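Notes to accompany the following structure.
Just so you know, all these numbers are worked out from the coordinates, no wet-lab data involved. Every value quoted in this text rests on a predicted model; they were computed, and no experiment measured them. Note: ideal-geometry Cβ built from the backbone for every residue, glycine included; neighbour counts use all protein chains shown.
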Amino acid sequence: MNAQHLSHLFFLFSFTVIGCGNNQPVVVVYTALDREFSQPILERFTQKTGIQVLAKYDVESTKTVGLARQILVERNHPRCDVFWNNEIIHTLRLQQEGVLSPCFSKSGMSYPESFRSKDSTWYGFAARARVLLVNHDRVARKEWPRHLGDLTDKKWKGQIGIAKPLFGTTATQAVCLFAQLGEQEAKRFYLELRNNQVQILSGNKQVAQSVGTGELSLGLTDTDDALVTLREGYPVTIIYPDSSPTQPGTLFIPNTVARIRSCPHPKSAQQLIDYLLSPEVETALAQGASGQIPLNPSVNVSPSVETPSNIAAMTVDFEQAALLWNPVQTFLKQEFTAPIPD
Amino acid sequence: MGIYVSLKKQSFWVTIVGISLLVITVLNLSYPRATTLLGNTLLLAFGTAAGSLLLGSFLAFLLFRTDLPGSYAWILLLIFPIFIPLPIFAGLWKSTLGVQGLLANFTGTVFSVGMIPAVATHTIASLPWVILIVGLGFRTVEAELEETALLETSPLHVIWIVTVRRTWGSIISAGLLVATLTTTEISLTDLFQVRTYAEEVYTFYASQGALPPLPLWNIPGHLLLALAMISVLTGTFNMPPDRWTRMWRCRLFSLHRWKWPAVVFLTLTALGILGTLLCILIFRVGLSSERKPISTPTVTSTLQSSTDEISESSNSKFPQRLSTVQYIRKWSIHTAAGSIWRCFVSRQDTWWLSLACGFAASLLTVGLLLPIIWFGRYQKWVSVILSILMGGLLAIPGPMMALALIHFFNQGGVLGYIYNSTGILILGLAFRIAPVICLCLWIPLQMIPTNIIEAGKTDVTNRLQMIRYIYLPLSLIPASIALLGGTALSMGELSVTVLLHPPGLTPLSVDIFSALHSGLYNQVAATTLLMIGFLFCIGLLLAIRMRTLKQPFST
């Protein structure tokens, strides 16, 4: 057998073996939750049901057109069955676009009404909080900020980091703040933050790491990223902003799961959604490295972070907040995508 | 290999006019931040081109035109980083030069964010391309001209008035390629927070879910860039075959007493680029953190039984988190070896997938281009069409190409089948590597003297025999080099791969990129080290093939 024959064999292998599947039932899931956290859950689902999960993971950066965008692009010929989002606003936007299909889930009904849609198009579970991460080697304890508003203080000029506010939970928080504070107050906050030379990083992980390594004094990030940084041994402390009873509260953002309209494997999709909403998954996510907060009252685990039952949580009508998406995005894009040089 | 781009004199003016037109066009358009974006884009492109051309041209001359000891090994070593994906390259450099990186004591915060680290990292990443293109340009300078000039003046003066002057085309081509790659790239600008046109387009598309406004597309800019690249490629493809064969007969300048200082300089450069990178990788792959409890006697615990942290109420209104444990970071060889082994075992599917898709894309491209390029030896118009196609492919940013493929293939029927399989990824990769493979094939095939082919024709009776006994054997070496190079490039390709890979399959570059963004530097380092090892093996194979090719048709 010469080199040419080998090449032919390899060519055939490339096109056939890899491209072909088998007769095992499958479900295609697009998941925005970090692969390190979501993959074990999906593998457990396969073990339990025998349904093969074909997952497409998001990457935490702005370089990709996100999964929600891809679902919209594919809406006429969907290949995705289940969208497992790590936040809620994009799911609501997909719902408003009519891309989601109602899907009644028994296990989903045990969640509070505020975390599931009235028409059963989406369900919320396992939340994360938006927190401040402080490098306690760089910032003395008495100076630690207590409120989001403290970030506009001139003493933090150039020392604060946030992820690009057009994506992910940072965008969700912006929309929620606009809904909570009103347009004028929220705009004032973000403009002052920009004038305070806030550093715009590509993701919440980068924010947490920059605070951990001391590049920045403090940053606005998610609890899972903060926990990872803390456990890596960096000198950081987590602060829950505005969390006293008299204040608006810390924002908690749930994961959401939804079935795509006209998806190719609706039955498998239903099974996966049921599984993701089961107490087993919330327990695993709470006890895992991401330390997510269970929303199902029947889940009885001690989370490794504060929960809405311990501290004041921001009350947000997510569906109303989602309607503000476009104007908020326009404002943030103008102010944050190409900041005026110093 | 064999990438050499010659630019005719008028192409230089095409470039200058193009850039001027780009400036004027963009300034006249009404996009609100046009000036900022344009300033950043041009500064990044020109800064990178200037930096990489200055250093790269000097290195290219040392490596390709002097009697430097071990020049062949140096060339391979310094060109090797071409195959390391840019986001990984940038991420690792940032983790070295950024605050609290390995070299932070020397660099301070200069390399944290902004234009300086962006230009510096792009410059380092572009160096291999410049060395290769300019170096091969140096090799094709006419030895007769240099020897005649040497009768009249000193070697240094000859280098300046003959060698460098005859290589201007290559230097400008290299600069143009660097500027093209820099202006269409977004991962590095994102990492260092430099806002450019390219990033603005992607940000707009990703956040708004709509096509960006027309001024943002910067169509005149990309059109002119494509035209400039087409001009360069046309120059290359239309160069007389004897020009290429000069490569093996060029004159080497003697370094005399500067020989060993040059070796030291090259060693420092190689250590600075590759050595540092390897050190970072080895440091990262062996790093782990160990949990150790610390005493916090003054705090009031409410969650202590279940967590690593406790809630403190020194100011009862504001609960805060304080650690009751600390994590000590330490490095060990066991961790390093374990990480690499685990990565190798657990990611085998990823490796095979990337290898198979990369090879398939490479094979597809070589298979399509090979007959066209042979045909192009006899028909000049083929080279013009190829120049247009390849120039266009070079100038189109990867994500844009991927989006176009998604829109085209996300249909029913056969197109849908391709979209839902690895076929779409293989196609996307084939488009991305086509210009490089085209150059890899074109130049060696042009170097084959016509009399060899004509002599062979006397022994065959029909076209099928000509293909079997003349064209295929003569194509074997360049095709295998193109195959290996294309496979390696495909394995590291990210911008198209990240959008086109089907669900359930995660290619290597996406795997590394995700881990990099998730802060899993240990995993990134292990995978990158394995990848470097693999690419090194491919590099060795290429080197062996190149040695065979060194004087293939000496008469």
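Once both labels are positioned 7 Å from their Cα atoms along Cα-to-Cβ, the gap between B:Leu274 and B:Ala337 label points is 2.5 nm.
In terms of the mean number of neighbouring beta-carbon atoms within 10 Å, the peptides B:425-437, B:451-463 order highest first as B:425-437, B:451-463. Net charge of the neighbourhood of A:Leu191, taken over other residues with C-beta under 13 Å away and scored Lys/Arg +1, Asp/Glu -1, is -1. Quantify how strongly other chains surround peptide A:231-239 by giving the mean number of their Cβ atoms within 10 Å of each of its Cβ atoms. Shielding by partners across A:231-239 averages 6.
Please pull out the direction-averaged projected area of the range A:68-123, using the convex hull of its alpha-carbon atoms, in nm² to one decimal place.
Working: hull surface 15.8 nm².
Approximately 3.9 nm², given one-decimal rounding.
Among the listed pairs A:Lys142/A:Lys205; A:Lys164/A:Lys333; A:Lys205/A:Lys333; A:Lys187/A:Lys333; A:Lys56/A:Lys106, a Cα-Cα separation exceeding 18 Å is found for A:Lys142/A:Lys205; A:Lys205/A:Lys333; A:Lys56/A:Lys106.
The spread of Cα positions in the range B:409-458, taken along each principal axis and listed from longest to shortest, comes to 51, 24, 13 Å. For the range A:39-143, the calculated P(r), taken from all Cα-Cα distances in 10 Å bins from zero up to the bin holding the longest distance, is 11, 33, 34, 13, 8, 1 percent. Taking θ as phi - 60° and the Karplus parameters 6.51, -1.76 and 1.60, the scalar couplings of the range A:271-286 work out to 5, 5, 5, 4, 5, 4, 8, 6, x, 4, 5, 4, 4, 4, 5, 6 Hz in sequence order, x denoting glycine and proline. Per-residue mean of foreign Cβ neighbours for B:416-423 is 4 (Cβ atoms of other chains, 10 Å radius).
Sorting the segments B:502-515, A:120-133 by their mean number of nearby beta carbons within 10 angstrom, highest to lowest, gives A:120-133, B:502-515.
Dividing the summed -39500 (n - 2.57) terms of all DSSP H runs of n ≥ 4 by the residue count of chain A sets its mean residue ellipticity at 222 nm at -11000 deg cm²/dmol.
Per-residue Cβ counts within 10 Å, from other chains only, averaged over A:138-146: what number is that? It would help to have the intermediate numbers written out before the result.
Details: counts 0, 0, 0, 4, 2, 0, 3, 1, 5.
Mean inter-chain Cβ contacts per residue within 10 Å come to 2.
Full extension of the chain between B:Val345 and B:Leu156 gives 62.6 nm of extra length, using 0.36 nm per residue less the Cα-Cα distance. The label point for B:Lys457 and the one for B:Leu415, both projected 7 Å from the Cα toward the Cβ, are 4.3 nm apart. Amide H to amide H distances under 5 Å link A:Gln197 with A:Gly158, where only residues 5 or more positions off or on other chains count and H is placed in the peptide plane.
In the calculated pair distance distribution of the range A:193-265, what percentage of Cα-Cα distances lie above 15 Å?
On the way: 1710 of 2628 pairs.
So the portion of pairs separated by more than 15 Å is 65 percent.
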